[in-house]
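Only one structure is covered here, and it is reproduced in the block below.
The values are calculated or read from the model by the stated rules, or taken from the named source; none is laboratory data. Keep in mind that what you see is a predicted model, and the values were worked out from it rather than measured. Quick reminder, even Gly has a Cβ in these numbers, built from the backbone with ideal geometry, and neighbours come from all protein chains shown. Heads up: the accessible areas ignore ligands, DNA and RNA and are worked out on the full protein's heavy atoms, side chains in. Shrake-Rupley method; radii C 1.70, N 1.55, O 1.52, S 1.80 Å.
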Amino acid sequence: MKQLKSFSQYIQQIGYKYGLHPVFEDFLEIVVCALSLGEKEDRYLEIVRKYEKPDAYLLAEAFGALVIEMDNSGEGLKDGFGDFYMEYLSHGHNGQFFTPEPVCELMVQMLNPTEIGERVADCCCGSGRMLLAAAKISRGSLFFGADIDRTCAMMCLVNLCLNGLLGEVCWMDTLTNRFYAGWRIELHPEHGVPYIREVTEAESYMVLRLPEKKQEIVAKQVPEAGVSRQLLFEF
């Protein structure tokens, strides 16, 4: 039986041929497509066709290795990307040194988000470490992240979804309130499992609006009778 390499080894192996940055970004988008449960099939195929068949298979094996590593001996809630990103891709560019996981855990213990449905937001989420640390206290919270770096937003999105955490992640500049793209992690209406759905700026809860506009968006999202899977809140 073939033994899987580490996630890092797979990405580096493919990166030698195609370039490490584009391979990592393609990998993240492929995973997001896969977690969209068929809604992004065309985009998935568009990306995969750029790679020779053996390399496309390696991308699939990299996904398998990632899932195993993120399982964290059954405990989950492990950042699958942060250390790799800092060591091989960002090199501290633009000050991209993510908060160490023990510090994240200390900070969320001070906040102690224990109530079911409590909202936890990080407006500069990086790979999502702070949100994962909060989930160690309460998986029943709703998690919201935003980052000006698209790759960071995608890392956070995948980390949350693979851990079954519901919420929203946006690629946006939170200082200027400029929105570029957003995704929501919610329960699939038919299968009942967490999946990723792309959202527009008008749908996004992370974009700041006047209170009355926020209320208008919430009103439009009110679920039908007997359905309670929408994520409703106001900042």
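Results for (1) without any contact (Cβ under 8 Å) to a residue 40 or more places away in the chain; (2) touching a helix residue (DSSP H, G or I) at 6+ places or on another chain (Cβ under 8 Å); (3) among the hydroxyl-bearing types (Ser, Thr, Tyr), shown as yes or no for each residue.
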residue: LEU111; (1), (2), (3): yes, yes, no
residue: ILE116; (1), (2), (3): yes, no, no
residue: CYS125; (1), (2), (3): no, yes, no
residue: GLY128; (1), (2), (3): no, yes, no
residue: LYS136; (1), (2), (3): no, yes, no
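I'd like to verify a number: residues in region 44-68 that are surrounded by fewer than 15 Cβ atoms within 10 Å (Cβ to Cβ) and assigned to a helix (DSSP H, G or I), how many?
Total meeting the criteria: 9.
Can you tell me how many residues within region 158-192 are in a helix (DSSP H, G or I) and among the hydrophobic types (A, V, I, L, M, F, W, C)?
4
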Reported set for region 78-91 where residues are in contact with a helix residue (DSSP H, G or I) (Cβ under 7 Å, 6 or more places away or on another chain) and surrounded by fewer than 19 Cβ atoms within 10 Å (Cβ to Cβ) is LYS78, TYR88, LEU89
Return the total of residues in region 95-153 being more than 18 Å from the chain's Cα centre (by Cα), part of a helix (DSSP H, G or I) and either surrounded by 24 or more Cβ atoms within 10 Å (Cβ to Cβ) or on the phi < 0 side of the Ramachandran plot (or both). 10
Name the single residue, out of those in region 181-212 being of a type in the set (D, E, K, R) and either under 14 Å from PHE143 (Cβ atoms) or more than 17 Å from the chain's Cα centre (by Cα) (or both), that is modelled with the lowest pLDDT. GLU212
Return the residues of region 154-196 that are open to solvent by less than 10 Å² (accessible area, probe 1.4 Å), among the hydrophobic types (A, V, I, L, M, F, W, C) and without any contact (Cβ under 8 Å) to a residue 60 or more places away in the chain; say none if nothing qualifies. CYS156, LEU160, LEU165, VAL169, CYS170, MET172, ILE185
